[in-house]
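Visitor: Okay, handing you the structure first.
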Amino acid sequence: MASSWRSFLAQVLAEDLNFTMCRADNDIWFKPAKKANGTSYYIYVLVCTDDILCVAENPKAILDKLDQHFLLKPESRGKPKVYLGAEIGTYVFEKQPGKSYWCMGSQAYIKESVKNDETHLQKQHRELKSKVSSPLPINYSPELDATPLCD
Amino acid sequence: MAAFAASPRKGHLEAVYHIFAYLKRHDRSRLVFDASRPNNVEQSLPDWTDFYKDVKEQIPKDSPEPLGKSVEMTAYIDSNHAGDKVTWRSHTGVLIFLNRSPILWQSKKQSSIKTSSFGSEFSVMKTGMELIEGLRYKLRMMGVPIDGPCHVKAYDLSVVRNSSQPQSTLKKKSNLIAFHYVWERAAAWIISVQCEPTDTNLADMLTNIQLGCKRLQLAGRILF
C-alpha cells in the first residue's frame, strides 16, 4: 500500500505537475518558476507520506492541481498551521516591526507530555519542582549516579 | 538520559522529572526561520597551494541550476573533552545555521577516547565537516545557491591557530588524518574557521550543563 501511494504521488507530481524529484532527498520535489516580479526561483513541494507542504509564491495554484487527484481537506489548504506535528506560525522581531518570519514549535506536544508526567507524579503525591532553569541540575553527572536501580 | 534506559537508577528518574520541570517553565519556545544575513566577517582564503595544491570544492555535476536567494552557512562547534567521568569519552556539539536560521544540530558522545582536548576538538571538526558537506550537497541538489564557504566557529584556539600552519606536527595518526581532512576543506574554501569565545559559542549548549543565566543568554539567540 505504502509503495503504491508513493509511486502514485510521484507520478502525479512528475507527469502532471512537471516537478523533479531531488536526488539528495526523495521527499523534496521542485520545479523552476518565475515570480510576479520576474525573478526565477524554484517551487518546492515537501512530502512526508500524507503531509504535504508547498513552498511557492502562489501555493494555491499547486494545491488546486493536487486537489484534482487527491481529496485534500478544505481546512488544510491554507497557510500551514501544523507540519509533522510541529506548530507553524509567524514571528516578528521587536527590532524589525513589519517583517515577519516563519517559526516552528511543539508547544502542544510539550504541554501534553508535561501534563502526563504531572498526573503520574500526582499518584505518588508529588509535583514537579518550580524554578528550574536548566534541563539537568548543574554539576549532575548521570554516569556517576550510584543511587539504587529502579524497580 | 536515554543512555541509561537499559538499567536506570532512581537518580536518573529524578533527573527526568527535572527535565519535565524545566519544560513546564519553558513550554513556549519556538525556532524562528530568520532569513536575514548573519554578520560574518569576511576572511581571505588561506594560501596553501604548496601543501594541498589547488584543491577545490566538488560541485555535483548533476545538480540543477541554482535559482532564488542565496544562503550563507554558519556552523558553531564545541567539544567537552572527557566529559563522561566513567568512560572519559568526549562530547560533540555541532549547530549549523543557514542565514540566521538553525537548521541542523547534533549533540553526541564521541565513539572513541581522546587523550587531548586538541584531539576531541578535531573529532568534532571532522563530524561537523561531514554534516556541513552533506548539507551543502543537499542544498545544491535542491537548486539553492550557497554564498561563500561555511563559517565555522570553534572555541579551541589551538585548532584555529593551527590553520595558519598546515605543516604543524601531529603525532597521532587519527588526529593527523582528521587534521588534514579538515584543513584540506579549508584550503578548498568549503569552510572558513574562526574563533568564537565560549560565552557566545552556541554549540556550548550541546556539550555542557550551564547555569540558568548563561543558558538563557545562549538559548535566547535561537529560541523565541
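Visitor: Picking from B:ARG140, B:ARG30, B:ARG89, which is most flexible by a Gaussian network model of chain B using Cα springs under 10 Å?
Guide: Residue with maximal mean-square fluctuation among B:ARG140, B:ARG30, B:ARG89: B:ARG30.
Visitor: Say each of A:LYS79 and A:GLU112 gets a label point 7 Å from the Cα, pointing the same way as Cα to Cβ; how far apart are those two points in nm?
Guide: Once both label points are built, they end up 2.4 nm from each other.
Visitor: Kindly state, to the nearest 0.05, the FRET efficiency for A:ALA14 paired with B:GLU130, given R0 = 41 Å and r defined as their beta-carbon distance.
Guide: 0.85
Visitor: Can I ask one more? Taking Rh as the Kirkwood radius, which is the inverse of the mean 1/r over Cα pairs, what is the Rg/Rh value for chain B?
Guide: Rg/Rh: 0.99.
Visitor: With each pseudo-label sitting 7 Å past Cα toward Cβ, what's the A:ASP50-A:SER100 distance in nm, one decimal?
Guide: It is 2.9 nm.
Visitor: To one decimal place, what Kirkwood hydrodynamic radius in Å is obtained for region A:79-128 from all pairs of distinct Cα atoms?
Guide: 13.3 Å
Visitor: Grab the beta carbon distance between B:ASP27 and B:THR49, set R0 = 51 Å, and tell me the FRET efficiency rounded to 0.05.
Guide: 0.45
Visitor: Calculate the translational D of region A:2-78 in whole µm² s⁻¹ from Stokes-Einstein, where the hydrodynamic radius comes from the Kirkwood formula applied to all Cα pairs, the temperature is 10 °C and the viscosity 1.306 mPa s.
Guide: So the translational diffusion coefficient is about 122 µm²/s.
Visitor: Here is the link list: A:LYS131/B:LYS114; A:LYS65/A:LYS115; B:LYS109/B:LYS138; A:LYS95/A:LYS115. Which ones come out longer than 31 Å on Cα distance?
Guide: A:LYS131/B:LYS114; A:LYS65/A:LYS115; A:LYS95/A:LYS115
Visitor: Right, something else. Per-residue ellipticity at 222 nm for chain B, helices alone: DSSP H runs ≥ 4 residues times -39500 (n - 2.57), over residue total, nearest 500 deg cm²/dmol?
Guide: It comes out at -10000 deg cm²/dmol, rounded to the nearest 500.
Visitor: In cubic angstrom, how much convex hull volume per residue do the alpha carbon atoms of the protein assembly as shown span?
Guide: 194 Å³
Visitor: What is the mean number of Cβ atoms from other protein chains located within 10 Å of the Cβ atom of each residue in peptide A:122-133, rounded to a whole number?
Guide: Mean shielding by partner chains, rounded to a whole number: 4.
Visitor: Could I ask something else about it? At 7 Å along the Cα-to-beta-carbon direction for both B:MET1 and B:LYS85, put a label point, then send me their distance in nm to one decimal.
Guide: A separation of 1.9 nm, rounded to one decimal place.
Visitor: Compactness ratio of region B:1-75: Cα Rg over 2.2 N^0.38 Å, N = residue count?
Guide: In units of the 2.2 N^0.38 Å rule of thumb, it is 2.05.
Visitor: In Å, what Rg and Dmax follow from the Cα atoms of chain A?
Guide: Taking only Cα atoms of chain A, I get Rg and Dmax of 22.8, 68 Å.
Visitor: With springs connecting C-alpha atoms under 10 Å apart, model chain B as a Gaussian network and identify which of B:VAL94, B:VAL182, B:VAL16 has the largest mean-square fluctuation.
Guide: Fluctuation is largest for B:VAL16.
Read-outs throughout are calculated quantities, based only on the coordinates presented, and are distinct from any laboratory measurement. Note that this is a predicted model, so its numbers are computed, not measured. Note that we place each Cβ from the backbone using ideal geometry, even for glycine, and neighbour counts take in every protein chain shown.
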